[in-house]
1. Please work out how many pairs of lysine residues in the chain are eight or more positions apart (or on different chains) and have Cα atoms closer than 20 angstrom.
2. Relative contact order of region 16-378, please, whole-number percent, based on alpha carbon pairs below 8 angstrom and at least 6 residues apart.
3. With θ set to phi - 60°, apply the Karplus curve 6.51 cos²θ - 1.76 cosθ + 1.60 along region 219-229 and write out the HN-Hα couplings as whole Hz, x wherever there is a Gly or Pro.
4. Pairs of Cα atoms under 8 Å, at least six residues apart: use those to get the relative contact order of region 169-324, whole percent.
5. Taking neighbour counts of Cβ atoms within 10 Å as a proxy for exposure, in what order, fewest first, do Leu86, Leu382 appear?
6. Report the one residue of Gln114, Gln195, Phe90 whose Cα lies farthest in the direction of the positive end of the charge dipole of region 16-378 (charges on C-beta: Lys and Arg +1, Asp and Glu -1; origin at the Cα centre).
7. Using Cα centres only, tell me the gap between region 194-213 and region 316-388 in whole Å.
8. Around Asp201, with a cut-off of 12 angstrom between Cβ atoms, what is the net charge of the other residues, counting Lys and Arg +1 and Asp and Glu -1?
Amino acid sequence: MSALALASTIGCSPARPSGDGHTSSAAATSGKAPSTADAGENGQLASRFCPVKLPANWQQAFDQGRVVGRPGEQLQLASGSADGRLLYAFAVEPKRRRELIELAGPERRRTVIQSFPAEGEAQVGEFAAFDGRYLAYVVTWSYRDFNKWSIYLWDSQTRRAPVKIGQSVSMPDGASAPGPFNYLVAHRGRVAWVQGTGQKDAALHLYSAVEKRDRVISRGQYSYPVRFGDLLVWPESLTEGAPTRLRAVSFDTGKPVDLPAPLRDISAPDVMYGDDETFVWSSESWTRLKVWRRGWAAPVELLTSPQGLALQRAHVSGDIVSWDNSEAQYALDLRTGGYAQITQQYGSNNTWGKVLQVGLAPAGRGQGSPQIVVRADMLPRLPGCAQP
């Protein structure tokens, strides 16, 4: 296995239709544009963004990064280590076994973390997070009721049986309380999630693996949280139906902290994601994709999309921003401005640490989604944009 394998604009030239349903933007900001010195990890930010053809060296990395299951097995990646050496996946062999497994090293050594009844409906999807030691994951128990779930924590060092740290709320009528998607955030021995309370609001939980204690640090009208550096960030509405604004607490203490100034004005983000230095989100009904990195004076708008092609499932790893436009998956290189379609149709994308994970559309009914894992920081630069 190779090292890889594992628009509108403001104060700049008009945006151009890209031909793929997106509208490419110049590097527009609401204030001073990022300079070469403060642009980011590699001291460079593209001045324009445009569609490019997926290079052969990217396709080669994707081909080498395929994660292959056993014959007859459907494999769904859930999370992994920041360097891609550890992967966590839900493995199903219909009517024979359902397991959450660890795949370790280049040879993908298997460890079964938790087994479920082969004839049951338990599943572990993308609602999982790994902080380098602790794996947190959501198990949904019914194909018909995705609000019925449990959250488990597994210690990859002690390798003891997983422990349950969270549970959905049952309503008086027996139904499960509805709530936001169960995206988990794990960081330095703490796990955060949002869940419906059954009382027309949601609770933000922060669990400490060291203290073995769960506490609710906030209640209100909001969606799922994300990590941005050492901050836990989530969108909250002061009243039901009002636009959301971002709030943040320290992951270590759970106490409120001030967001960086450029993020305080974000209103009603549809999706969002962060890594150590970079924050990406879409807004205005999933039509505008923006990014901000520490050191920049203001956010940068990457592109826009017409109604009907939602900019969703946005993720970031270093200089690579990925998203789903409802028809396929895309990746953009902040250094060059080029963005390429990375799946032929549909699929999924995710990032954790230095890893870009891509799921391809199943080849047929009842077949699993082929899974790809590559090191985003080792991918060659995407081609840049021709000068206008």
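FYI, it's all coordinate maths here, none of it is from the lab. On a predicted model such as this, the values are computed, not experimentally measured, just so you know. For neighbour counting, all protein chains shown are included, and Cβ atoms are generated from backbone atoms with ideal geometry for every residue, glycine included.
1. 5
2. Normalised by residue count, the contact order of region 16-378 is 16 percent.
3. 10, x, 9, 7, 9, 6, x, 9, 9, 9, x
4. With pairs under 8 Å counted, the relative contact order is 13 percent.
5. Fewest-to-most Cβ neighbours within 10 Å comes out as Leu86, Leu382.
6. Highest projection toward the positive end goes to Gln114.
7. 32 Å
8. That sum, taken over residues with Cβ under 12 Å, equals 0.
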